[in-house]
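Undergrad: Can you read through this structure? Questions will come right after.
The values are calculated or read from the model by the stated rules, or taken from the named source; none is laboratory data. This structure is a prediction, so every number in the text was calculated from the model and none was measured. Cβ placement follows ideal geometry from the backbone for every residue including glycine, while neighbour counts extend to all protein chains displayed. These accessible areas exclude ligands, DNA and RNA; they are computed on the full protein's heavy atoms, side chains included. Shrake-Rupley method; radii C 1.70, N 1.55, O 1.52, S 1.80 Å.
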Amino acid sequence: MRHGSNECPTHVTIVEVGPRDGLQNDSRHYSTEAKVAFIGALANAGLPVVEAASFVSPAAIPQLADSDEVMRRLSRKDGVRYVALIPNERGYERAVGAGVDSIALFASATEEFSRANLRASIDDTFARFEAVAARARADRCWIRGYVSVAFTCPYAGPTEPEHVLNVARRLFDLGCDEIALADTIGVAEPDDVIALLDVVLPAIPRERLALHFHDTNGRALVNVDAALEYGIATFDGSAGGLGGCPFAPGAPGNLATELLVEHLATRGIETGVDANAVRHAVSALRYVSTVVS
Ligand code: COA
Ligand code: ZN
């Protein structure tokens, strides 16, 4: 049964992932100061949630090795949630030490991607996440849970919606406030979005779901449209379309936040985000990187 039709939201929450998902895959060097300014500019552009840092192994993602310092230095704007990606308890401890109060865990829908990205089976990653989530809940942290490769895996091919549902449900049971279904390599089509939501929505309330699209073939916005029909009202964007995933060969940039904002506006859906201010944030970041490198 399709759960879509006539439920299109009038307001969408955009989760800005550029400073994390974008910069983790950018070959340019950005100073800590430039990152802090970028995050500040994005918050000032009206983005209500900014994924600002990643407390993974610095050997895995050297671009974000200064996340501790970034989180310590950023000036928090009231009403804005600053999220940090966490792979294990070690990362959680670093995050808490840097003042983080909102975290994102990331699980994979396939064993192949789990081993490539987290160097562990899905079960082993959940053993780590359970420990982190228990501490985070006790600390009253807000928790997001990603399901990576929710549509297609670069190693295993198309992902079964039931596998995505299993992982999403496990994250939900850990106490995640929001579950983000990620098209990590950007190959989903609207029919895939529909097929996945038909399986996931009966188990996870729509207001707890977010969709995270990459824009490989320019289909991210039509995929957003498909999800809007199901009443999904939270979408990830990356300023300037920065990003990809270093463990997902072929992953191009994420859906650009400014294009998402403008697309939603043409449909009469408000986001509270100033698309041109997002463009300026990206230009300023690029300018600083050309000056220092
Ligand atoms: N922060 C800092 N260092 C960490 C860390 C963390 N959260 N977790 C592990 N490390 C360090 C360990 O101290 C160890 O360092 P050493 O080699 O100097 O002794 C090294 O990383 C390996 O630790 P280990 O526990 O054996 O982890 P691993 O090699 O199995 O890697 C992960 C597992 C998850 C930590 C690592 O694969 C990772 O960070 N992946 C993130 C991938 C990612 O960010 N992908 C993009 C997001 S979608
Ligand atoms: Zn991504």
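Undergrad: Only residues that are touching a Leu at 6+ places or on another chain (Cβ under 6 Å) and farther than 16 Å from Gly240 by Cα: list them for region 204-229, please.
TA: Within region 204-229, Leu211, Ala227 qualify.
Undergrad: If you don't mind, another one. At least 3 residues that are under 30 Å from Asp124 (Cβ atoms) in each: list the strands (runs of 3 or more DSSP E) lying fully within region 1-96 that qualify.
TA: Those strands (runs of 3 or more DSSP E) span 49-54, 81-86.
Undergrad: Confirm whether Ala188 is small (Gly, Ala, Ser), part of a helix (DSSP H, G or I), surrounded by 21 or more Cβ atoms within 10 Å (Cβ to Cβ) and at pLDDT 95 or above. Before you say what the answer is, go through the steps one by one.
TA: Values: small (Gly, Ala, Ser): yes; part of a helix (DSSP H, G or I): no; surrounded by 21 or more Cβ atoms within 10 Å (Cβ to Cβ): yes; at pLDDT 95 or above: yes.
For Ala188, the condition - small (Gly, Ala, Ser), part of a helix (DSSP H, G or I), surrounded by 21 or more Cβ atoms within 10 Å (Cβ to Cβ) and at pLDDT 95 or above - is not met.
Undergrad: Which one is most open to solvent (accessible area, probe 1.4 Å), of the residues in region 26-59 that are within 15 Å of ligand 1 (Cβ to nearest atom) and in contact (Cβ under 8 Å) with a residue 24 or more places away in the chain?
TA: The qualifying residue most open to solvent (accessible area, probe 1.4 Å) is Ser57.
Undergrad: Tally up the residues in region 102-143 that are part of a helix (DSSP H, G or I) and either surrounded by fewer than 19 Cβ atoms within 10 Å (Cβ to Cβ) or more than 16 Å from ligand 2 (Cβ to nearest atom) (or both), please. Don't jump to the end; show me each part of the working.
TA: Initially, region 102-143 is screened for residues part of a helix (DSSP H, G or I), giving 111-118, 122-138.
Those still in the list that are either surrounded by fewer than 19 Cβ atoms within 10 Å (Cβ to Cβ) or more than 16 Å from ligand 2 (Cβ to nearest atom) (or both) too: 111-112, 115, 122-138.
The qualifying residues number 20.
Undergrad: Please verify whether Ile194 is in a helix (DSSP H, G or I) and in contact with a helix residue (DSSP H, G or I) (Cβ under 9 Å, 6 or more places away or on another chain), treating the condition exactly as stated.
TA: The answer is yes for Ile194.
Undergrad: Please go through (1) within 16 Å of ligand 2 (Cβ to nearest atom); (2) part of a loop (DSSP other than H, G, I, E, B); (3) within 17 Å of Phe106 (Cα to Cα); (4) open to solvent by less than 10 Å² (accessible area, probe 1.4 Å) for Cys176 and return the number of the only condition it doesn't satisfy.
TA: Just one mismatch for Cys176, condition (1).
Undergrad: Which members of region 254-293 meet the condition of being of a type in the set (Lys, Arg) and closer than 18 Å to Val17 by Cβ?
TA: Within region 254-293, Arg279, Arg286 qualify.
Undergrad: Same structure again: So is Asn88 under 23 Å from Gly145 (Cα atoms) and over 16 Å from the mean Cα position of the chain (by Cα) or not? So that I can check it myself, show each step before the final result.
TA: On the way: under 23 Å from Gly145 (Cα atoms): yes; over 16 Å from the mean Cα position of the chain (by Cα): yes.
Criteria met by Asn88.
Undergrad: Could I ask something else about it? Go through (1) in contact with a Pro (Cβ under 8 Å, 6 or more places away or on another chain); (2) modelled with pLDDT under 95 and name the single condition Leu196 misses.
TA: Leu196 satisfies every listed condition except (2).
Here's the yes/no breakdown for (1) within 18 Å of Gly91 (Cα to Cα); (2) of a type in the set (Val, Ile, Thr):
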{"residue": "Glu112", "(1), (2)": "no, no"}
{"residue": "Val132", "(1), (2)": "yes, yes"}
{"residue": "Arg140", "(1), (2)": "yes, no"}
{"residue": "Ser148", "(1), (2)": "no, no"}
{"residue": "Pro161", "(1), (2)": "no, no"}
{"residue": "Val164", "(1), (2)": "no, yes"}
{"residue": "Ala168", "(1), (2)": "no, no"}
{"residue": "Asp177", "(1), (2)": "no, no"}
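Undergrad: Follow-up. Quick check on this structure: which one of Thr152, Thr234, Thr216, Thr159 is in contact (Cβ under 8 Å) with a residue 24 or more places away in the chain, buried (at least 24 other Cβ atoms within 10 Å of the Cβ) and among the hydroxyl-bearing types (Ser, Thr, Tyr)?
TA: Result of the check over Thr152, Thr234, Thr216, Thr159: Thr159.
Undergrad: How many of the residues in region 29-78 are of a type in the set (Lys, Arg) and touching a Leu at 6+ places or on another chain (Cβ under 9 Å)?
TA: Result for region 29-78: 1.
Undergrad: Further question on the same structure: May I ask you to say which residue of Ala136, Ala127 is without any contact (Cβ under 8 Å) to a residue 12 or more places away in the chain and either within 15 Å of ligand 1 (Cβ to nearest atom) or within 20 Å of Arg90 (Cβ to Cβ) (or both)?
TA: Every option except Ala127 fails the conditions.
Undergrad: Given the structure, is Arg90 surrounded by fewer than 18 Cβ atoms within 10 Å (Cβ to Cβ), without any contact (Cβ under 8 Å) to a residue 60 or more places away in the chain and closer than 25 Å to Thr257 by Cα?
TA: Here the answer is no, as Arg90 does not meet what is asked.
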